[in-house]
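Participant: Mind looking over this structure? Questions follow.
The values are calculated or read from the model by the stated rules, or taken from the named source; none is laboratory data. Here the structure is a predicted model, which means the values were calculated and not measured. A quick note on method: Cβ atoms are made from the backbone with ideal geometry, for glycine too, and the neighbour counts reach across all protein chains shown. Remember, those area values only see protein heavy atoms, side chains included, never the ligands or the DNA or RNA. Shrake-Rupley method; radii C 1.70, N 1.55, O 1.52, S 1.80 Å.
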Amino acid sequence: MATDLLPRYEQLHPPPAALIPSYLDLFAPVLPEPDSDSDVVIARQPWGANLVNYASNSLSPSQTAAVYRAIATNQTVRTLLLTGNGSGVTDNSLPVLVRSLSINTTLTSLYLGSCSLTSTGGRMLGMILRSNHTLKKLVVSDNSLLPEGFAAFAHGLKGVPPPGQQQPATQTQQQQQEPEHVSSSLTYLDMSSNMATDDGTIVISSLLSSHYFPALEELLLNTNAITDVGGLMLVRAVESHPALRKLFLQENQMGVKSLKAFNAAVKGNGRLEVVDMVLNKRVEKAGAGVRHVDRRVKWKYGHGQRPHDGLRDFFLKWGPNTF
């Protein structure tokens, strides 16, 4: 089962050693402070509206931290776009956002795509989802989480310290110290283009199977070097998930085994609407030999592909009113 693989994966790929429970304090000396331009940056957007859009604004770390601080007590903004701010949205500034979103109760959509988040930031993304229960959409595509970042993401969400940082404890003490199982409120998660590979996919499959995302309806893992090993793990998780409707796996390295497994999964599951496997070259090569592929499994353009899916996916990734 996928849930059995996460402990084994964490032993092989422990999160960075600095990511202990007090990691926010560790970042305190390097957290960016407001500069003279911070007030100007805040005044640039309508913070009394539903949408604040800083996409591709070339924000500095201190300006990004000012935006993070502003969202903490804001009660009107529902969508925050920070896509394409590689200089400002980094691991070093993210602890400010962790603190702010533990306070904020109104933000529902957060776009952090095409930034500079690495495996160190993965744990803090998990911490955000553990402490915030109003966020519905999270986009962190086109970063550099890597498999280690996916494992750190799971640690943050589960609220446990990394392997090697825990003190030896008796079985009774371990039971007493077991972190509370907290379910994320997300309905949409985009972790595309983060080089997850099969290792990272195992982590996500385990979180799905363990009900850490019970409300998740759409999951995007495009362009992550996922092979049939990761694909088959996802199939198991998807089959038992209570809410997932759409799964996007474009531009990976899956083959006919994954195609057949997903085809069987959608036929036995009326809830699934889309499993998009377009641009998996091995799938396209072998797909013609698989008979009776369900229209909900898109394995090549023209097979269940709606005319404007590409344009729709572009705006889902970059957010509304980006340009």
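Participant: Quick check: convex hull over the Cα atoms of the range 182-281, volume per residue in Å³, rounded to an integer? Intermediate values should be presented prior to the final figure.
Facilitator: On the way: hull volume 7.7 nm³, N = 100.
Value for the range 182-281: 77 Å³ per residue.
Participant: Round to a whole number: what % of the accessible area of the range 180-292 belongs to carbon and sulfur, probe 1.4 Å?
Facilitator: 52
Participant: Give me the percent of accessible area attributable to carbon and sulfur for the range 33-98, probe 1.4 angstrom.
Facilitator: Details: 1190 of 2540 Å².
For the range 33-98, the apolar C and S fraction of the accessible surface comes to 47 percent.
Participant: Another question, then. Once the Cβ-Cβ distance between Ala264 and Lys300 is put in as r, and R0 is 22 Å, what FRET efficiency do you end up with, to the nearest 0.05? If you can, show how the numbers build up before the last one.
Facilitator: Values: r = 19 Å, r/R0 = 0.85.
In this case the efficiency is close to 0.75.
Participant: Continuing with this model, one more query. Of the GluC sites (Glu not before Pro) in the range 176-224, which ones lie in a loop per DSSP and count no more than 13 other C-beta atoms within 10 Å? Can you show the working numbers first?
Facilitator: Values: sites: Glu180, Glu217, Glu218; in loops: Glu180, Glu217.
In loop regions of the range 176-224 (DSSP not H, G, I, E or B), the sparsely surrounded GluC sites (Glu not before Pro) are Glu180.
Participant: Run down the lysines and flag those whose C-alpha is under 29 Å from the C-alpha of Lys285, throwing out any fewer than 8 positions away in its chain.
Facilitator: Qualifying lysines at Cα under 29 Å: Lys246, Lys257, Lys260, Lys267, Lys298, Lys300, Lys317.
Participant: Can you tell me the length gained on complete extension of the stretch Lys246 to Val40, counting 0.36 nm per residue apart and subtracting the Cα distance? Write down the numbers at each step before the final one.
Facilitator: Working: separation 206, 0.36 × 206 = 74.16 nm, distance 4.02 nm.
That works out to 70.1 nm of additional length.
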